[in-house]
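Read the structure below first, then the notes.
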Amino acid sequence: MSADTATTRPARPPATSWPWILMYHSVADPAEDPYGITVAPARLDLQLARLRALGLTGVGVDTLLRAHARGRSHGLVGLTFDDGYADFTEAALPVLRRHGCTATLFVLPGRLGGDNVWDPRGPRKPLLDERGIRAAATAGTEIASHGLYHVDLTAVEDAVLSEETTRSREWLRELTGEEPAGFCYPYGTVDARVADAVRAAGYAYACAIRPPAALTGAYALPRTHVSHADRAARLGLKRLRHRLGL
């Protein structure tokens, strides 16, 4: 998909009606996880089963937004996995397949085959290399950018911001042969300058966590964090909070 295609999509609904997007990170043993971002494979299996019981099918964000623009996103929920951990292909992908779901994987092309060096606490977690990312793409996963090195983009100079947005998109295009449609702000932090840079780089959308109300839109999509503690009741509550705009 070209940058021109990304910027000429149909107009989208107001921010309050954006579809539900869930945010995952690592799928592994959550025993040593001070950040609460690791979900065990068995728990992911239960969570996806619950979503399916609610009549929801997990899809990548680009697919979700295209369906939403046509008024056809009922029954869909966005699934995102941040950072590009190697356990995505090892642990998450088989569970997604089992439930007939797909997802968006936000990766860091500047740290291919590295680890989560940006996390000062907790265990080192390996990241996918080029082969792993291609395998995820071949399996139907949407590959999108998380920047190059996982830095707070609101705190960097304009030249670094341009590199993190534009260069990461170029690298992913070279790696997968596809123009990445999406971007995810490291740490979920975004301001107007950063959102403008992402738009200028040619992305069609960008995900945050809880963006400022003034920025909520296609380039600051809110998401719901999912942890290992989320069982059926908690997922249902989080869905309700989303529907109420809380």
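The values are calculated or read from the model by the stated rules, or taken from the named source; none is laboratory data. Since we're looking at a predicted model, the values are computed, not measured. Cβ sites come from the backbone with ideal geometry, for glycine too, and all protein chains shown count toward neighbours. Side chains included, ligands, DNA and RNA excluded: accessible areas come from the protein's heavy atoms. Shrake-Rupley method; radii C 1.70, N 1.55, O 1.52, S 1.80 Å.
Just need a number here: residues in the stretch 113-142 that are of a type in the set (A, V, I, L, M), within 22 Å of Leu79 (Cα to Cα) and open to solvent by 20 Å² or more (accessible area, probe 1.4 Å).
Pass one, the stretch 113-142, residues of a type in the set (A, V, I, L, M): 117, 127-128, 133, 135-137, 139.
Those still in the list that are within 22 Å of Leu79 (Cα to Cα) too: 127-128, 133, 135-137, 139.
From what's left, open to solvent by 20 Å² or more (accessible area, probe 1.4 Å): 135, 137, 139.
The total comes to 3.
Filter the stretch 196-219 down to residues that are farther than 19 Å from Asp83 by Cα and assigned to a helix (DSSP H, G or I) and give me whichever is most open to solvent (accessible area, probe 1.4 Å).
Looking at residues that are farther than 19 Å from Asp83 by Cα and assigned to a helix (DSSP H, G or I), I get Arg199.
Yes/no matrix, rows are residues, columns are (1) at pLDDT below 95; (2) closer than 18 Å to Gly60 by Cα; (3) not β-branched (Val, Ile, Thr):
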position: Thr165; (1), (2), (3): no, no, no
position: Phe183; (1), (2), (3): no, yes, yes
position: Tyr203; (1), (2), (3): no, yes, yes
position: Ile209; (1), (2), (3): yes, yes, no
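Output yes when any residue across the stretch 169-190 is under 30 Å from Ala53 (Cα atoms), open to solvent by 60 Å² or more (accessible area, probe 1.4 Å) and within 18 Å of the chain's Cα centre (by Cα), and no when none is.
So the first thing to find is which residues in the stretch 169-190 are under 30 Å from Ala53 (Cα atoms), and the list is 181-184, 188.
Remaining after also requiring open to solvent by 60 Å² or more (accessible area, probe 1.4 Å): none.
Looking for residues that are under 30 Å from Ala53 (Cα atoms), open to solvent by 60 Å² or more (accessible area, probe 1.4 Å) and within 18 Å of the chain's Cα centre (by Cα), one finds none in the stretch 169-190, hence no.
Return the total of residues in the stretch 149-168 being open to solvent by 10 Å² or more (accessible area, probe 1.4 Å), assigned to a helix (DSSP H, G or I) and of a type outside the set (A, V, I, L, M, F, W, C).
Adding up the residues that qualify gives 6.
Just the residues that are part of a loop (DSSP other than H, G, I, E, B), at pLDDT 50 or above, open to solvent by 40 Å² or more (accessible area, probe 1.4 Å) and not charged (D, E, K, R), please, taken from the stretch 1-53.
Ala31, Pro34, Tyr35
Go through the stretch 54-89 and report how many residues are in a helix (DSSP H, G or I) and either touching a residue at least 60 places away in the same chain (Cβ under 8 Å) or in contact with an Asp or Glu (Cβ under 6 Å, 6 or more places away or on another chain) (or both).
7
Out of the residues in the stretch 220-235 that are exposed (fewer than 13 other Cβ atoms within 10 Å of the Cβ) and small (Gly, Ala, Ser), state the one that is modelled with the highest pLDDT.
Ala229
In the stretch 65-91, how many are more than 22 Å from Pro222 (Cβ to Cβ) and more than 13 Å from the chain's Cα centre (by Cα)?
5
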